[in-house]
Amino acid sequence: MHHIFVNENAVNTVDRVIAINGDEDFDNYNHLVKSLRINVGEQVLCSVFPFEFSFDYLCEVKDITDKEVKLYILEETKQRELAVKVNLYQGISKSDKFEFIIEKAVELGVSSIIPLATEYCVAKIDDKKSDKKIERFNKISKSAAEQSKRHIIPEVLAPISFDEFIDSINENDENTYNLLFYENANGIAETKRVLTEIKNKDNKDVIINLIIGPEGGFSNAEIEKAKNKKVSILSLGERILRTETAAVTAMSIVMYEVGE
């Protein structure tokens, strides 16, 4: 089944119709008609933004013209989101790796992705090219959200430094967990304990910040700064993982422990 994100202005709940106008929403119209070559009678899942709805619309294609696609709303469907909000603070890595991380993290349920500039980052996001890079990253996020039938499009934000992240931590916030995964952390038992604590917390306002290092990992100074704030230094096991593997593994275990 195809999946698209539409603006709430396209939705007519009285007539139960969603109109995709080629002039107003060229990308969706072109995607449905030119790329997917949809036909009358096919079903399309529509998520509506701003993302204030707690459901998506399952629709059927009713009419296709050279200007508009009309979808009839069949029913409201349950959204596919994690019970908690997960933000991924990802050490900046080479473009192909970073794009892979975005795609997989979105598929696994991340809420937002923040490129993190650390001491050992090999790759950098040039200030002059930052806007174009972030725009491309968000297109990858949107595509992955459509493919995995997410209710939202997770946003890839502008890069921040490790120190900026540390300074932003509110140590009095009992609903936010900052989990930094480090290859020299002591065993996985503490990881299991922290995730069990989060799982057993009866609070829908829980936020998990996952902090993953770049190819070179974290420096000793960064680890010490994290220890002095409300950050749990955790392990993903005995083996040393590549940065893209670590991000996917961390997202996977969080999805398993506190997910659907």
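The values are calculated or read from the model by the stated rules, or taken from the named source; none is laboratory data. Since we're looking at a predicted model, the values are computed, not measured. Positions of Cβ are generated from backbone atoms using ideal geometry, with glycine treated the same way; all protein chains shown enter the neighbour counts. The protein model used for the area step is the full one, side chains on, heavy atoms only, and it has no ligands, DNA or RNA in it. Shrake-Rupley method; radii C 1.70, N 1.55, O 1.52, S 1.80 Å.
For the stretch 159-173, the tally of residues that are surrounded by fewer than 13 Cβ atoms within 10 Å (Cβ to Cβ) and part of a loop (DSSP other than H, G, I, E, B) stands at 4. Remark: pairs (first residue in the stretch 109-134, over 26 Å from ILE152 (Cβ atoms); second residue part of a loop (DSSP other than H, G, I, E, B) and open to solvent by 20 Å² or more (accessible area, probe 1.4 Å); Cβ separation under 6 Å; 6+ apart in sequence or on different chains) = TYR120/GLY216; VAL122/GLU215; ALA123/LYS94. Taken as a whole, the condition of being of a type outside the set (Val, Ile, Thr), open to solvent by less than 30 Å² (accessible area, probe 1.4 Å) and either assigned to a helix (DSSP H, G or I) or touching a residue at least 60 places away in the same chain (Cβ under 8 Å) (or both) applies to LEU32. Among (1) within 20 Å of GLN79 (Cβ to Cβ); (2) open to solvent by less than 50 Å² (accessible area, probe 1.4 Å); (3) at pLDDT 95 or above; (4) touching a strand residue (DSSP E or B) at 6+ places or on another chain (Cβ under 7 Å), which single condition is HIS151 missing? The one condition HIS151 does not meet is (3).
The C-beta contact set for the stretch 172-191 (first residue of a type outside the set (Val, Ile, Thr), second residue open to solvent by 70 Å² or more (accessible area, probe 1.4 Å), distance under 6 angstrom, 6+ apart or interchain) comprises ASN175/ASP205; GLU183/ILE240.
This table checks each residue for (1) in a loop (DSSP other than H, G, I, E, B); (2) open to solvent by 90 Å² or more (accessible area, probe 1.4 Å); (3) touching a strand residue (DSSP E or B) at 6+ places or on another chain (Cβ under 9 Å); (4) modelled with pLDDT of 95 or more.
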site	(1), (2), (3), (4)
PHE53	yes, no, yes, no
VAL61	no, no, yes, yes
ILE73	no, no, yes, yes
GLU81	yes, no, no, no
GLN90	no, no, yes, yes
ILE114	no, no, yes, yes
LYS128	yes, yes, no, no
PHE137	no, no, yes, yes
ALA144	no, no, no, yes
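Within the stretch 176-204, no residue satisfies the criterion of being within 15 Å of MET251 (Cα to Cα), aliphatic (A, V, I, L, M) and open to solvent by 30 Å² or more (accessible area, probe 1.4 Å).
Is it the case that LYS85 is basic (Lys, Arg) and at pLDDT below 95? Yes; evaluated as a whole, the condition is true for this residue.
Within the set ILE207, ILE211, the sole residue that is touching a strand residue (DSSP E or B) at 6+ places or on another chain (Cβ under 6 Å) and surrounded by 19 or more Cβ atoms within 10 Å (Cβ to Cβ) turns out to be ILE211.
For the stretch 5-29, the set of residues classified as in a loop (DSSP other than H, G, I, E, B) and among the β-branched types (Val, Ile, Thr) consists of THR13, VAL14, listed by residue number. When each of ILE38, ILE4 is tested for being over 17 Å from ILE152 (Cα atoms), of a type in the set (A, V, I, L, M), in contact (Cβ under 8 Å) with a residue 24 or more places away in the chain and out of contact with any Phe, Trp or Tyr (no Cβ under 9 Å at 6 or more places or on another chain), the lone residue that passes is ILE38.
Matching residues to (1) more than 19 Å from THR77 (Cβ to Cβ); (2) more than 25 Å from the chain's Cα centre (by Cα):
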residue	(1), (2)
HIS2	no, no
VAL6	no, no
ALA10	no, no
THR13	no, yes
ASP25	yes, no
ASN28	no, no
HIS31	yes, no
LEU36	yes, no
ASN39	yes, yes
